[in-house]
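The values are calculated or read from the model by the stated rules, or taken from the named source; none is laboratory data. The structure displayed is predicted, hence computed values, not measured ones. Ideal geometry is used to build each Cβ from the backbone, glycine not excepted, and the neighbour counts take in all protein chains shown.
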Amino acid sequence: MTPSNDQRPTTNDQPMAKAYEPRTTEDRVYRFWETRGYFKGRIPEPGSAVAARDPFCIIMPPPNVTGELHVGHALTDTVEDILIRWHRMLGDPTLWVPGVDHAGIATQNVVEKQLAKEGISRHDLGRDEFEKRVWQWVGRYRPIISNQHRRLGASADWSSEVFTLDDTPQRAVRTTFKKMFDDGLIYRGERLINWCPRCRTALSDLEVEHDEQQGNLWYIRYPVVDGAHADGSPRLTGEHITVATTRPETYVGDVAVAVNPRDERYTSWVGRTVMLPVIQREIPVLADEAIEMEFGTGAVKVTPGHDPTDFEIGQRHGLRIVNVMNDDATLNDEAGPYAGMDRYEARMTMLRDLEELHYLEKTEPHTMQIGTCSRCHTVVEPLMSWQWFVNMGPLAKPGIAVVREGRIKFVPERFERIYLNWMENIRDWCVSRQLWWGHRIPVWYSTDEDGDKIIVTLPAEWAPDHVAQAPGNVAKAPSNMAQASSPAERTPGDSQPGTAVPHEGSPAGTAVPHERSPAGRTVPHSGAGPHPPAVATYNELRASGVSHETILRYGTWSGVGATPIVSIETPERSPAGGGHLLQETDVLDTWFSSGLWPFSTLGWPEQTAELKYWYPTSVMETGYDIIFLWVSRMIMLGLYNLGEIPYSTVYLHGTVRNEHGQRMSKSLGTGIDPLEVIEKYGADALRYTLITSSGPGNDMKLSEQRVEMGRNFANKLWNVTRFVISMIGDTKVAPFDIDALVSANRQPPTTSLPVEDRWILSRVEGLARSVDEQMRKFELGEAARQVYEFVWSEFADWYIEIAKVRVRGATAEGTREAVAAEDSPLPVLAYVLERSLRLLHPFMPFVTEELWQALTSKLDGIDQDALIVAAYPRGESGYADAAAEREMELLIDVVRAIRNIRAEKKVEPGKFIEAYVAADGARGVLEAGALYIEMLSRARPLHIVGDISQAPKDQVATAVLEGVTAVVPLAGLFDTAAERARLGKLIADAEAEAGRIDAKLRNEQFRAKAPAKVVAAEEERLAAVRARLDGLRAGLAELG
RNA sequence: GGGCGGUUGGCUCAGCUGGUAGAGCGCUUCCUUCACACGGAAGAGGUCACAGGUUCGAGUCCUGUACCGCCCACCA
């Protein structure tokens, strides 16, 4: 390695290995690119040539810091890197911004799992300490992740890397929140939300998965009540109404029974009163359209506090809401004797009780969709809770318009409808999360003004004794500390048990205060554990001696009824002066910051030069599974904040599955580690495989076998180049100059170049045009396949084989001379190979750069320093030589025909055999290619005759092609019967084909309606098949 | 309950605007000759899920059916 060269990926004085070794190449090549600064997204100088070109910018979907990258990320990187490298080579100003996502709930969960291994919970650490632990996690995984991108070859601008919790995104989040709040798009409200009892946080609708589960439909009798006995006890009529439910444990929250108003079975029941068994609550029977008469008994228990449909029924009929559950899915005191039980334990206990009292009529098996937490797969509970929401309607409107108007295009197109359908039915977005990791909501409450409205939950150990015990469910989630002392989660299928703290004493029987919520409804509270937390107003706690610092450090609070102070900057003191400020303890849904990603990465809310130049970005490439979660929100928030679309194209890839079609999952061990694949096969092999394994929007199965194909191709390329370099030897070669050729002579120079040169040049220019077309259509896999096909099946299999003959001739065998030096194939060989490397570079960057460096060190007139910045071929020379392509095909067919005969007759591979070929009107072509036919099919002497009748007729095998007949005398090897059989089969095939074409041509309709071009082609084809048939029949006749 | 995607040789998949069915792997036969056995040569193998329809012509367009998968949806 020479000192001046140490930045080069390849040194010229080392002999190339026999096989490509990705491991000794990739890191070195990547370092070469990176240190040379090729990845840097540069804003062009005004007035410069590049300034006229459209910038091309991709913001990378930031992977979660939860762990290492999986193959799905590898696909993302591959697609995006291909687009980026392609545009870079096209000469466009190019920027690819990498980033990492803090991934709130996901990361919090993995760190909590880690803590669990140490036997502690996040509550043992407290919020600050816990956040430190998460930051440690981030510090560990961020470098791993960026290293993995590098291993994949991602040519991202690392100087622009962003983390979602960096200052700028933080500012973007706060700015957006404030703007939305001021615009009335963000509000705080008490709604029925999805609650994960294990994660102990609210979830948006999109974070709930609907799994089909086998459950039961239980039929429960509610006795009819008519007035009361003298002692006040309800007077039962002996009748009952039966309701069917899948969730009997919520019956304690029932406030009515509903039937369909048109249901004649129940007409007389409406308005009567029934009683809930055991807990003896009296509730009305009412009529509501939402009830399906066919389902169950047609009578439904109405539980507005725990079911969205029932909530709406409740709203329509002014029913109160009874919340019967704690935040850990144990029942609260509304459940009477069942209080304190886990929801499933309560279910079973209730069913036993009901059965005993003959209130359980029957049980039927029933399959149903059940909502589970997308993070931990615990069954979610619909719970009433105070949360922050975004009113999406006004945001969706422009988001719909830009797609309708075609300003944003989806690839594949079909996802547009899916997007639009969701956007048109959009619902408000619950954005607050009861987590510790994330963007904390930029809302503060003033203890001065609202000290009586700020409800603080303090863990028992910090609670003063005389403060009221344990009201749990204040408004939103109760204290996080309270959760630490709750029973371990027992949900089936939940692999991660909750934080297990010994359960002392019974929570049942705790006095339960009720609090009036601002909405005017009574919200029940519950005691959730043995050491109930204190729940009190800020002022009460302070009055009982708890310091502000203690509240700040250990408390959780919410300002129901308080005036929120929404601010971008953290306010120093309350506006009224003097008092303290308490910031909302909730954080925002991770996807809130993700939605700002296309511009927060570019500096927004500052009007940076980067933002001005690169925004709107070009392509958003991501998985179709996050169209709603992410894509839609970026579009809406981009339009909202900047008044401009975030990108003009959304390219969606599918899900990568393993070879058995399973989703990749770390916990199931069904994942494929991209680094392992890279270690074994190389990054280029993985990339090639990923991009060719399926089209846009379609899922794919990735198998090792398939990666082998990519590896083999890289190796093929390696050896092709190795061979070309060895042929070039010590004297530099100037690659063929196609531009000079074409500009000097618009017509293909049919005479000055040998047919194989004109053929391969025509093919490679055509390939470049085709690849360009495919790339523009985002058919990246098809583009890659085409280059593969060209390099292997045309360039390597034929052009190189012919070039060998041209250079070496057949002198060893003593009959012909090698071609003269001025007819050397080297310029064309070098040109075509160099073009091929360029075409392939976006797909297989490492091996192509390595080879390009090695090759161009042997070439004159290459003006770029590196392939990564070399111009991408687009076939702009326009060179095309149809005649050469036809002629070359003919030569190839002749070689194949003779080889076929040799193989069938089991002629020794190396042995030369005599052959006769005749072509009507193409004799010149055969003569020009005679040496190649001879050498490639080992046919010698090769007789080119005017008419095949001049060939011997005895003991010969005949091959008839379009316009060419070959006859191979096979004395000694000949088997008449075998030859007859061989010809017989060929004749039968040809006859069938001729029959088909003939029938088509006899069809008057076809002649009348098909385009003349198609008819002519069919006629030509028929003539050719018939000629072939004649030749074959003649051959057969000769056999006697 | 809606919607979408898939169903092409043994396996995994291409086949983009309708005009002679392709690839890789696997399989058969042969070849370790001076780029490559991560290779070369020759070959076998497909009623393009099924049923209709449009068309001169359909794997490709339309309708329906069947399986498989996914998404959305408040039938308790």
### Query
For the range A:695-715, which residues satisfy the criterion of being touching a strand residue (DSSP E or B) at 6+ places or on another chain (Cβ under 6 Å) and either among the aromatic types (Phe, Trp, Tyr) or within 18 Å of A:Pro842 (Cβ to Cβ) (or both)?
A:Pro696
### Summary
Filtering the range A:695-733 down to residues that are within 8 Å of RNA strand B (Cβ to nearest atom) and at positive phi yields A:Gly697
### Query
In the list A:Gly139, A:Gly47, which residue meets the criterion of being without any contact (Cβ under 8 Å) to a residue 12 or more places away in the chain, closer than 20 Å to A:Glu161 by Cα and surrounded by fewer than 14 Cβ atoms within 10 Å (Cβ to Cβ)?
A:Gly139
### Filtered residue count, the range A:632-652, keeping only those that are within 16 Å of RNA strand B (Cβ to nearest atom) and in contact with a Phe, Trp or Tyr (Cβ under 7 Å, 6 or more places away or on another chain)
5
### Task
Quick one: which residue in A:Ala897, A:Ala883 is in contact with a strand residue (DSSP E or B) (Cβ under 6 Å, 6 or more places away or on another chain) and part of a helix (DSSP H, G or I)?
A:Ala897
### Task
Please tell me if A:Val869 is touching a residue at least 12 places away in the same chain (Cβ under 8 Å) and surrounded by 21 or more Cβ atoms within 10 Å (Cβ to Cβ).
no
#### Entry: Members of the range A:298-332 found to be in a helix (DSSP H, G or I) and surrounded by fewer than 22 Cβ atoms within 10 Å (Cβ to Cβ), listed by number
A:Pro308, A:Thr309, A:Phe311, A:Glu312, A:Gln315, A:Arg316, A:His317
### Task
Filter the range A:1002-1019 down to residues that are more than 9 Å from RNA strand B (Cβ to nearest atom) and within 28 Å of A:Ala897 (Cα to Cα) and give me whichever is farthest from the chain's Cα centre (by Cα).
A:Glu1019
### Message
Condition (residue is small (Gly, Ala, Ser) and under 19 Å from A:Asp893 (Cβ atoms)) applied to the range A:964-986: is it met by at least one residue?
### Response
yes
### Query
If we keep just the residues of the range A:165-195 that are hydroxyl-bearing (Ser, Thr, Tyr) and surrounded by fewer than 23 Cβ atoms within 10 Å (Cβ to Cβ), which is nearest to A:Ser432 (Cα to Cα)?
A:Tyr187
### Query
Within the range A:253-268, can one find any residue that is more than 14 Å from RNA strand B (Cβ to nearest atom) and under 19 Å from A:His317 (Cα atoms)?
yes
### Task
Kindly indicate whether A:Ala156 is in contact with a Phe, Trp or Tyr (Cβ under 6 Å, 6 or more places away or on another chain), at pLDDT 95 or above and assigned to a loop (DSSP other than H, G, I, E, B).
yes
### Task
Working carefully through the options A:Arg758, A:Arg746, find the one that is more than 16 Å from RNA strand B (Cβ to nearest atom), at pLDDT below 85 and basic (Lys, Arg).
A:Arg746
### Query
Does A:Asp673 satisfy being touching a residue at least 24 places away in the same chain (Cβ under 8 Å) and buried (at least 21 other Cβ atoms within 10 Å of the Cβ)?
no
#### Entry: When residues of the range A:861-880 are limited to those that are assigned to a helix (DSSP H, G or I) and farther than 20 Å from A:Pro827 by Cβ, the one nearest to RNA strand B (Cβ to nearest atom)
A:Ile868
## Note on the structure
Taking the range A:611-630 and the residues there that are of a type in the set (D, E, K, R) and closer than 17 Å to A:Val79 by Cα, the one that is modelled with the lowest pLDDT would be A:Asp625
### Message
What's the total number of residues in the range A:252-269 that are crowded, with 16+ Cβ neighbours inside 10 Å and either part of a loop (DSSP other than H, G, I, E, B) or touching a Ser or Thr at 6+ places or on another chain (Cβ under 7 Å) (or both)?
### Response
5
### Task
Take the range A:986-998 and flag every residue that is hydrophobic (A, V, I, L, M, F, W, C) and either within 10 Å of RNA strand B (Cβ to nearest atom) or in contact with a Pro (Cβ under 7 Å, 6 or more places away or on another chain) (or both).
A:Leu986, A:Ile997
### Query
Can you find a residue in the range A:347-368 that is surrounded by fewer than 21 Cβ atoms within 10 Å (Cβ to Cβ), among the aromatic types (Phe, Trp, Tyr) and at pLDDT 90 or above?
no
### Query
Only one residue in A:Glu413, A:Glu364 is on the phi < 0 side of the Ramachandran plot and under 28 Å from the mean Cα position of the chain (by Cα). Which one?
A:Glu413
### Task
Just give me the residues in the range A:46-65 being more than 18 Å from A:Tyr651 (Cα to Cα) and assigned to a loop (DSSP other than H, G, I, E, B), in sequence order.
A:Pro46, A:Gly47, A:Ser48, A:Ala49, A:Arg53, A:Asp54, A:Val65
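One line per residue, one yes/no per condition, for (1) over 24 Å from A:Gln369 (Cβ atoms); (2) within 16 Å of RNA strand B (Cβ to nearest atom):
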| residue | (1), (2) |
| --- | --- |
| A:Thr242 | no, yes |
| A:Val278 | yes, no |
| A:Ala287 | yes, yes |
| A:Pro304 | no, yes |
| A:Glu312 | no, yes |
### Task
May I ask you to list the residues in the range A:769-800 that are within 7 Å of RNA strand B (Cβ to nearest atom) and among the aliphatic types (A, V, I, L, M)?
A:Ala796, A:Ile800
### Query
In the range A:393-419, what count of residues is obtained for those that are within 12 Å of RNA strand B (Cβ to nearest atom) and among the charged types (D, E, K, R)?
4
### Query
So which residues in the range A:885-934 are more than 15 Å from RNA strand B (Cβ to nearest atom), among the β-branched types (Val, Ile, Thr) and under 52 Å from the mean Cα position of the chain (by Cα)?
A:Val925
### Query
Only one residue in A:Leu192, A:Leu185 is more than 16 Å from RNA strand B (Cβ to nearest atom), farther than 30 Å from A:Glu361 by Cα and either among the acidic types (Asp, Glu) or in contact with a Pro (Cβ under 9 Å, 6 or more places away or on another chain) (or both). Which one?
A:Leu185
### Message
Which condition from (1) among the small types (Gly, Ala, Ser); (2) more than 30 Å from A:Phe415 (Cα to Cα); (3) at pLDDT 85 or above is the one that A:Gly697 breaks?
### Response
(2)
#### Entry: Residue count for the range A:850-897, restricted to those that are among the charged types (D, E, K, R) and touching a His at 6+ places or on another chain (Cβ under 7 Å)
0
### Task
Return yes when A:Ser857 is within 26 Å of A:Leu780 (Cβ to Cβ), modelled with pLDDT under 95 and either out of contact with any Ser or Thr (no Cβ under 8 Å at 6 or more places or on another chain) or surrounded by fewer than 24 Cβ atoms within 10 Å (Cβ to Cβ) (or both) and no when it is not.
no
